[in-house]
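Trainee: Below is the structure I would like to discuss, written out as structure tokens.
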Amino acid sequence: MTTEAVGVVRATEAVGVMRSKESKIASIQGHIDRAIDDLLASLRNPAHLSAEERRGIIARYTAVLEGNFIYWMTGAYIAVKSDAARAKIMDNLREEVRDCHPGMMRRFAIAAEAIPTDADARAIHRNLMNVRLFIGRLSAVPIVVTMAFFEGFIQRFMSYLADLAQRQGSAEMEYTDVHGVCDVTHTQELFRALEAETALAPPLPEREMFEGVELLRTLIQSIVVNTNVQ
Ligand SMILES: [Fe+2]
């Protein structure tokens, strides 16, 4: 083979590797989007819920988000190895702490008269523990995939959560306003961070890649439907 031909083969191989990386990320993104679509499709119409059912959803959501989002994002920060992923996750943590998102969450719950009770905490306990233990394994790619799913779900869930709170007589919407903004750049950065992490890690079987997504999806199901009482 001539030197020129070798050059062409190498360039073609490089394009092939790039394309396969892109399609890998696109397929992860597709899996996450489908998981979010399924969850949203399973939500019950707020107009058909009782006041106690609406209160329960807000309370269980608060019980999970208030004390765990920053904790899990910190787990992701500890686990990742690439500068791109660290920078992206640090931006997120900085915003959470600087703007006191747990405080925003609590104000939202107080205004909707949905402060989590012992029963709310018990209803999510087992599924919450499963996600905590998964995060504790500090496995970089599965954690970043899980947090991408979590952020994507939260953003698309906000209009539903705001609707529940309004029906409970609340006008305090800072939490849902701040988190319901569809930030395309933010999502793209997150998937670039994921690309950087997958490049550093050995390929994972699908079950491991989406293990955290499945555990978190089960936890969210126990938020939106109190699976403990059904
Ligand atoms: Fe937040």
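Trainee: Take the conditions away from the ligand (no atom under 16 Å from the Cβ) and open to solvent by 10 Å² or more (accessible area, probe 1.4 Å) and apply them to Ile110. Does it pass?
Mentor: So Ile110 passes the test.
Trainee: Away from the ligand (no atom under 16 Å from the Cβ), open to solvent by 50 Å² or more (accessible area, probe 1.4 Å), over 30 Å from Ala51 (Cβ atoms) and over 20 Å from the mean Cα position of the chain (by Cα): which single residue out of Ala171, Ala199 fits that description?
Mentor: Working: Ala171 fails: over 30 Å from Ala51 (Cβ atoms).
The unique qualifying residue is Ala199.
Trainee: Give the residue, chosen from Asp83, Asp99, that is away from the ligand (no atom under 16 Å from the Cβ), in contact (Cβ under 8 Å) with a residue 40 or more places away in the chain and open to solvent by 60 Å² or more (accessible area, probe 1.4 Å).
Mentor: Result of the check over Asp83, Asp99: Asp83.
Trainee: Looking only at residues in the range 149-168 that are open to solvent by 70 Å² or more (accessible area, probe 1.4 Å) and free of Cβ contacts under 8 Å to residues at least 40 places away in the same chain, which one is farthest from His31 (Cα to Cα)?
Mentor: Gln166
Trainee: Related question: Among the listed residues Thr117, Thr146, which satisfies the condition of being hydroxyl-bearing (Ser, Thr, Tyr) and open to solvent by 30 Å² or more (accessible area, probe 1.4 Å)?
Mentor: Within the list Thr117, Thr146, the selection yields Thr117.
Trainee: Report yes if Ala14 is loosely packed, with under 11 Cβ neighbours inside 10 Å and at pLDDT below 95, otherwise no. If you could, list the steps in order and put the result at the bottom.
Mentor: Numbers: loosely packed, with under 11 Cβ neighbours inside 10 Å: yes; at pLDDT below 95: yes.
Taking the combined requirement at face value, the residue satisfies it.
Trainee: Being open to solvent by 50 Å² or more (accessible area, probe 1.4 Å) and either at positive phi or within 16 Å of the ligand (Cβ to nearest atom) (or both) is the filter here, so list the residues in the range 174-185 that pass it.
Mentor: Glu174, Asp177, Val178, Val181, Cys182, Asp183
The values are calculated or read from the model by the stated rules, or taken from the named source; none is laboratory data. Predicted model, so just to flag it, every value in this text is computed and none were measured. Reconstructed Cβ throughout: ideal geometry from the backbone, glycine too, with neighbour counts over all protein chains shown. Each accessible area value is taken on the protein alone, full model and side chains, heavy atoms only, with ligands, DNA and RNA left out. Shrake-Rupley method; radii C 1.70, N 1.55, O 1.52, S 1.80 Å.
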